[in-house]
Amino acid sequence: MKAVKKIKSFFTGMQFDKERALPLILTGAIILVDQITKAIIAGFEITRRFDDPIVDVFNNDFLHIIHVRNPLIAFSLGQSIPETLRPVLFIVMPILVLLILVLYYLSSNDFPRLQRWATAGILGGGIGNIIDRIFRPDGVVDFISVKFYGFLGFERWPTFNVADSSVVVCCILLFISILVAPGSKKRPAGE
């Protein structure tokens, strides 16, 4: 009961802040684009082989649009995890992490503008993939296959989707913005 009162007082004590709310449009846009593209791809047969793309975009084997289902997590990790634990680790834990991130995002004044937008992009991508894990029993729909030319041992990069792209790009932006943020450098003692 105390936890419910704390959560209620947290939200009632907040005032509308355009600076916080505006980046959440990005969150919604990413979720929308992610789910629309996945629905389009899911309309194609799931039995296509990796080397039999739905569309070979550049006709030179660089970019394929294919239909793959990933019942695991990023890079198909988690195969050794028992089936009974997967819903907890792949759905419940990410939801808790995203809830904590949302609460921190809404309550903190520490986010510069770029970090707010990057965080909003991470939220959109995370929510997009959680929607798949909950409502698509065959797994998350992945469909972008890019040739990687043997770099890091990959002939092709593991197949991904809009949500994955959003999370990766926004995490990189967030990391860079933290490194170069004003005040991130330690000040000498005595100043």
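The values are calculated or read from the model by the stated rules, or taken from the named source; none is laboratory data. All figures in this text were calculated on a predicted structure; none of them were measured in a lab. As a convention, Cβ positions derive from the backbone with ideal geometry for all residues, glycine included, and neighbour counts pool all protein chains shown.
Of note:
- Flag if Pro158 is of a type outside the set (S, T, N, Q) and assigned to a loop (DSSP other than H, G, I, E, B): yes
- Some residue of region 37-47 being among the hydrophobic types (A, V, I, L, M, F, W, C), modelled with pLDDT of 80 or more and within 18 Å of Leu106 (Cβ to Cβ): no
- Residue among Leu103, Leu99 that is at pLDDT 85 or above, under 19 Å from Leu26 (Cα atoms), within 14 Å of the chain's Cα centre (by Cα) and exposed (fewer than 14 other Cβ atoms within 10 Å of the Cβ): Leu99
- Scanning region 159-182 for residues that are modelled with pLDDT of 85 or more and surrounded by fewer than 17 Cβ atoms within 10 Å (Cβ to Cβ) gives Ser165, Val168, Val169, Cys171, Ile172, Phe175, Ile176, Ile178, Leu179, Val180.
- Residue within region 129-136 that is farther than 22 Å from Leu26 by Cβ and free of Cβ contacts under 8 Å to residues at least 40 places away in the same chain present: yes
- Residues that are among the aromatic types (Phe, Trp, Tyr), assigned to a helix (DSSP H, G or I) and over 18 Å from Leu173 (Cβ atoms) within region 102-149 comprise just one, Phe135.
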